[in-house]
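The values are calculated or read from the model by the stated rules, or taken from the named source; none is laboratory data. The structure displayed is predicted, hence computed values, not measured ones. All Cβ positions, even for glycine, are placed from backbone atoms using ideal geometry, and neighbour counts span all protein chains on display.
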Amino acid sequence: MVPWRLRGLAKQSILDHMIDGSATDPIATSNQITNSLELLADMGRDFIDSQDIEGTLNRALGKITEYVDAESGALFVLEEQGRILRCQSCVGITEITGLTLQSDHGVIGRSVQSNQGEIVRDASKDSSFDGSVDKKTGYTTRSILCAPLSIKDEKLGAIELINKRGGDGLFNDEDLLLLEALATSAALAILNARMASKLVEQEKVKRELELAAEIQRNLIPSQEDSSALIHGINIPARTVSGDFFDYFTLEDGRIAFCLGDVSGKGINAALLMAKTVSLYRCLGKDETSPGRLLARINLEICETSTRGMFVTLVGGLFDPKTGIVRFANAGHEPPLYCDKNGVFASFEADAPPVGILPDIELGAGFNEVELNLDGGTLYLFTDGVTEGTLANGDMLGTAGVQKILTDYADYDLDSRLSAVVDRIRGVTADLHDDITILGLDASGVEGRAAGNKIHLKPELKLHFSARAKNLRGVRGRVRDCLENKNQSELFIEDIIRAIDEACQNIIRHAYGRECDNEIILEMLFENDDLVIYLSDFADPVDTSSIKPRDLDDVRPGGLGTHFIRQAVDEIDFLEMSNRTGNVIRMSRKLVGE
């Protein structure tokens, strides 16, 4: 499509040149102007309306050749990174469609390289003219008119007209001016067509990636029961992921599990991920030795994987009846074991990733570790967890993972894993790497400290440092969540105000100042109620001292608690059993729009 400003400039240039005295007959000048403008408008409409750019360019070339009264015309486009000019369309006496020339060859090459129009009144006297085409076609080129196809500094090709009919057989300045204006219109049409083609291709790739992502999601177990003994989370950084986990129950009740990370990114990694997890599920139903199972998978991956690609992988068997787990580690992050007393231990890999060494013996397999969980929990995760970037720019690291798991020791397995993931994701959802974490919990459901445990899965869970600048992002996420639940604007404003005031009280009074310590916001929908939990990790506060100030006491500040109580139906301060910190529970009846 030709911008109206450019069309206007082209028309004005033609008008100016025709009126400056080069055309002395007023009637002839008027007719020429009218015809030129009609041609510009006609071509502009064709370029806008047509979906067939090649056909439209061919018709436009025919109109240009006929209007200028040339014997032949050709449209050349640049290809192969600008090294070659190929004739895409031609009209007239000779047929040279498909002819290729070096991009700096001949008169047309000179026009393209200089990005300027050319008039060659006597081709035989021009040093750049190459008569080889005339020899092939038997045609005699006497004069040449050429205009480049370009937009700003982007060169696309050129239009070349040969031998003007009638008169002295020579092209004039008016012909060149018109051809340059029409070439600009054609260049814009070509550029727009190429951009449209790229957009179509990008959309096609996007749909294919979305389909691949859906297939990947179906390969990873989905689990609704947050109290289950095994649970995993996979959050891709991109549309498709190279991380994976899987688990399934064997006939004897034991649970086979794996978690891995494919080297590289993109479709190649996603395909190898799909192959590895499929191999594990297929072979793992017959091979009950984790070490031998990884050796068999290693052999398969070595035979068919792309050179240089590999998979770090942990696989094992968990017996819920005894709490015993056996696993093998092929070059992966060390599994982390937390016993029932909160003491951590890790298990380093002593073997390379699968897909690197094909000569690992199938009989011996990879080394195995046997561990009695004894009421504790085994955690597996990818480097996207330990190398995950926090809000302050630091990496979480293994120590950070341990701290979060300790802080959430009273919570079910799902909540513990979610806390680790949410700490990395923060208020925003931008990730630098895939995040995958899996837990095996031998403590069971009974006997867990459940006084403050949240049983329902939060609709919104945010982890953010205790700094006022973060509250803007929190307010936005809260608003989005409540709007998705079709709550009224008044309801949303009340809840945002209550959360904002409570967070500021935590920053000022619990932590005593702005700092990098954490605040956790969880929002749940229980029947017809919105329930909000705000947690911190400061020293316990004296809840008896937290009360709204009398509104008649006119002093700066001190009204935050009053505003909170006005915005919600209930507010409670919960006691923590196994960690320091404070939890505020607020609830309000949902109202709808």
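Is it the case that R296 is surrounded by 15 or more Cβ atoms within 10 Å (Cβ to Cβ), more than 19 Å from D374 (Cα to Cα) and at pLDDT 90 or above? So that I can check it myself, show each step before the final result.
Numbers: surrounded by 15 or more Cβ atoms within 10 Å (Cβ to Cβ): yes; more than 19 Å from D374 (Cα to Cα): yes; at pLDDT 90 or above: yes.
Here the answer is yes, as R296 does meet what is asked.
Only one entry in D383, D319, D394 is more than 38 Å from the chain's Cα centre (by Cα), in the same structural domain as D433 (by TED's automatic domain parsing) and over 18 Å from L283 (Cβ atoms), namely D319. The residue that is farthest from L170 (Cα to Cα), among those in region 71-102 that are of a type in the set (S, T, Y) and modelled with pLDDT of 85 or more, is T100. Of the residues making up region 306-329, those that are in contact with a Ser or Thr (Cβ under 9 Å, 6 or more places away or on another chain), outside any loop (DSSP other than H, G, I, E, B) and of a type in the set (A, V, I, L, M) are V311, L313, L317, A328. Criterion first (in a helix (DSSP H, G or I) and in the same structural domain as Y247 (by TED's automatic domain parsing)) does A364 satisfy it? It is false that A364 is in a helix (DSSP H, G or I) and in the same structural domain as Y247 (by TED's automatic domain parsing). Taking the residues in region 88-109 that are touching a Cys at 6+ places or on another chain (Cβ under 9 Å), of a type in the set (A, V, I, L, M, F, W, C) and outside any loop (DSSP other than H, G, I, E, B) as candidates, determine which candidate is surrounded by the fewest Cβ atoms within 10 Å (Cβ to Cβ). So the residue we want is L101. In region 361-370, is there at least one residue being of a type in the set (G, A, S) and closer than 17 Å to V401 by Cα? Within region 361-370, not a single residue is of a type in the set (G, A, S) and closer than 17 Å to V401 by Cα.
Just so you know, in region 491-540 the residues that are among the hydroxyl-bearing types (S, T, Y) and within 33 Å of the chain's Cα centre (by Cα) include one that is farthest from A391 (Cα to Cα), and it is Y533. Could you tell me whether any residue of region 310-325 is polar (S, T, N, Q), touching a Gly at 6+ places or on another chain (Cβ under 9 Å) and at pLDDT below 90? No, region 310-325 contains no residue that is polar (S, T, N, Q), touching a Gly at 6+ places or on another chain (Cβ under 9 Å) and at pLDDT below 90. Of the residues L357, L378, the single one that is of a type in the set (A, V, I, L, M) and in a loop (DSSP other than H, G, I, E, B) is L357.
Say whether the condition of being of a type outside the set (S, T, Y), modelled with pLDDT of 85 or more and outside any loop (DSSP other than H, G, I, E, B) is met by at least one residue in region 186-209. Steps first, answer last, please.
Step one: of region 186-209, the residues of a type outside the set (S, T, Y) are 186-196, 198-209.
If we keep only those that are modelled with pLDDT of 85 or more too, we end up with none.
Checked region 186-209: no residue is of a type outside the set (S, T, Y), modelled with pLDDT of 85 or more and outside any loop (DSSP other than H, G, I, E, B).
Reported count of residues in region 273-301, each being without any contact (Cβ under 8 Å) to a residue 40 or more places away in the chain and in a helix (DSSP H, G or I), is 7. If the condition is being closer than 30 Å to V262 by Cβ, at pLDDT 85 or above and not in a loop (DSSP other than H, G, I, E, B), then region 425-460 contributes I435, T436, I437, L438, G439, L440, D441. Within region 33-70, if we keep just the residues that are surrounded by fewer than 16 Cβ atoms within 10 Å (Cβ to Cβ) and among the charged types (D, E, K, R), the residue that is modelled with the lowest pLDDT turns out to be D49.
Report whether or not A183 is crowded, with 20+ Cβ neighbours inside 10 Å, in the same structural domain as I84 (by TED's automatic domain parsing) and modelled with pLDDT under 80. Considered against the rule, which asks whether it is crowded, with 20+ Cβ neighbours inside 10 Å, in the same structural domain as I84 (by TED's automatic domain parsing) and modelled with pLDDT under 80, A183 comes out as no. Scanning region 302-316 for residues that are touching a Leu at 6+ places or on another chain (Cβ under 8 Å) and either crowded, with 22+ Cβ neighbours inside 10 Å or free of Cβ contacts under 8 Å to residues at least 24 places away in the same chain (or both) turns up V311, L313, V314, G315. Assuming V240 fulfils every condition listed in (1) of a type in the set (V, I, T); (2) at pLDDT below 75; (3) under 30 Å from I144 (Cα atoms) apart from one, which condition is it? Looking at each condition in turn, V240 falls short on (3). In region 255-269, what count of residues is obtained for those that are at pLDDT 90 or above and surrounded by fewer than 19 Cβ atoms within 10 Å (Cβ to Cβ)? Residues meeting the conditions: 1.
Applying the criterion of being in a helix (DSSP H, G or I) and of a type in the set (V, I, T) to the residues of region 110-137, the residue that is surrounded by the fewest Cβ atoms within 10 Å (Cβ to Cβ) is T137. Taken over region 56-87, the criterion of being closer than 21 Å to G138 by Cα, touching a residue at least 24 places away in the same chain (Cβ under 8 Å) and assigned to a strand (DSSP E or B) is satisfied by A70, E71, S72, G73, A74, L75, F76. Here region 359-395 is the region considered, the condition is being more than 17 Å from A328 (Cβ to Cβ) and touching a helix residue (DSSP H, G or I) at 6+ places or on another chain (Cβ under 6 Å), and the residue that is modelled with the highest pLDDT is T386. Criterion applied to G264, G260, G284, G242 was being in contact with a His (Cβ under 9 Å, 6 or more places away or on another chain) and in the same structural domain as A330 (by TED's automatic domain parsing), and the one residue passing it is G260. Is it true that V240 is of a type in the set (V, I, T) and in a helix (DSSP H, G or I)? Criteria not met by V240. Residues in region 124-164 that are over 18 Å from D104 (Cβ atoms) and free of Cβ contacts under 8 Å to residues at least 24 places away in the same chain: 9 in all.
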